[in-house]
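Here's the structure, in structure tokens; my notes come after.
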Amino acid sequence: MKQGFIYAICAYFMWGLLPLYWKLFASLSAWEILSHRIFWSFLSISIVVTLTIGWEKIKQSITNRKQILAIVACSFLIAMNWVIFIWAVNVDRVIETSLGYYINPLINVVAGVLLLKEKLHKGQWVAITVAGLGVSIMAFEYGQVPWVSLSLAVSFALYGYFKKSLQVAPMVGLLWETLIVFPLALIYLMYLQSQGTETFFHLSLPIQLALAAAGIATLLPLLWFAEAAKRLPLSTVGFIQYLAPTTSLLLAIFLFHEPFTQTELFSFSLIWVSLAIYSFSTWKTQAKRPIPKEMSA
């Protein structure tokens, strides 16, 4: 349990600090950063797989058409999620990214209703209603729908849905996901090079090395998360996940000095209340479930 807590905190804290990392490359376009992230992630994961799992097991992990469709969907959904996040960070909209990951668990619930025909209990309905009110108030404040937040939340919820149907180890899934979009990323980087518009070789050596470490920055928290998930109940991991958007929100306000109005504070407060209601009602529902005989024996 103690190791699980440490792994979970490290994973979500690192994810929360990612805005600091992506701001190092503010001179690059979001698409160029995304392409480098895919490129270096694929290389990093390939090395790890070669030294640990072996490529034969990777080939055997995808065996049917349904899995192929799921992995393709995961690949493009996570790429879309990454590029929106990177773009938002580098145009000073980190607060919106944190909102997206706060509401992601509630979007997951909505996805379960729409895609899996799951039924919600009363507490979940109340939580979604309160969160919807918070998002609506923020939309009124902005004068438009907070599309960055909703795009991040929806893309990650759909990614989780297809990932669940895929049922492969996290590292195996990420290898397939980066492999599918790797050719597109490589072609894009080669195109920029041929046009003389690439930025990478004009960066200082420390920044080049930092960008090349994008693979490690992607892989490391994922491995920590996988280790945490082995040791902790899912409800505990779900609670710790709020460390990431909280860290990003604090960075946005106190380090990046993004404006945080009273209306935004009120909207975020409604989101936090909805998450508290959701967490409590879910815990209460799980506590009422009878213990299976094989577990109580």
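The values are calculated or read from the model by the stated rules, or taken from the named source; none is laboratory data. A quick note: this is a predicted structure, and the numbers were derived from the prediction, not measured. Neighbour counts run over all protein chains shown; Cβ positions are idealised from the backbone, glycine included.
Only a single item in (1) in contact (Cβ under 8 Å) with a residue 12 or more places away in the chain; (2) surrounded by 15 or more Cβ atoms within 10 Å (Cβ to Cβ); (3) over 13 Å from the mean Cα position of the chain (by Cα) is not met by Val154, and it is number (3). Scanning the range 144-184 for residues that are of a type in the set (D, E, K, R) and within 16 Å of Leu116 (Cα to Cα) gives Lys163, Lys164. Counting only helices (runs of 4 or more DSSP H) that fall entirely inside the range 202-249 and contain at least 3 residues that are under 18 Å from Thr178 (Cβ atoms), the qualifying elements are 214-231.
Scan the range 123-151 for residues that are of a type outside the set (Val, Ile, Thr) and surrounded by fewer than 21 Cβ atoms within 10 Å (Cβ to Cβ) and the total you get is 14.
Within the range 14-47, track down each residue that is at pLDDT 95 or above, among the β-branched types (Val, Ile, Thr) and either surrounded by fewer than 19 Cβ atoms within 10 Å (Cβ to Cβ) or farther than 15 Å from Val91 by Cβ (or both). Correct list: Ile38 only. Pairs meeting the criteria (first residue in the range 31-52 and in contact (Cβ under 8 Å) with a residue 40 or more places away in the chain, second residue hydroxyl-bearing (Ser, Thr, Tyr) and surrounded by fewer than 17 Cβ atoms within 10 Å (Cβ to Cβ), beta carbons under 7 Å, at least 6 apart or on different chains) are Glu32/Thr199.
A search for C-beta distances below 8 Å between a residue of the range 3-19 that is touching a residue at least 40 places away in the same chain (Cβ under 8 Å) and any residue that is in a helix (DSSP H, G or I) and among the basic types (Lys, Arg), counting only pairs 6+ apart in sequence or on different chains, returns Gln3/Arg231; Gly4/Lys230; Gly4/Arg231; Tyr7/Arg231.
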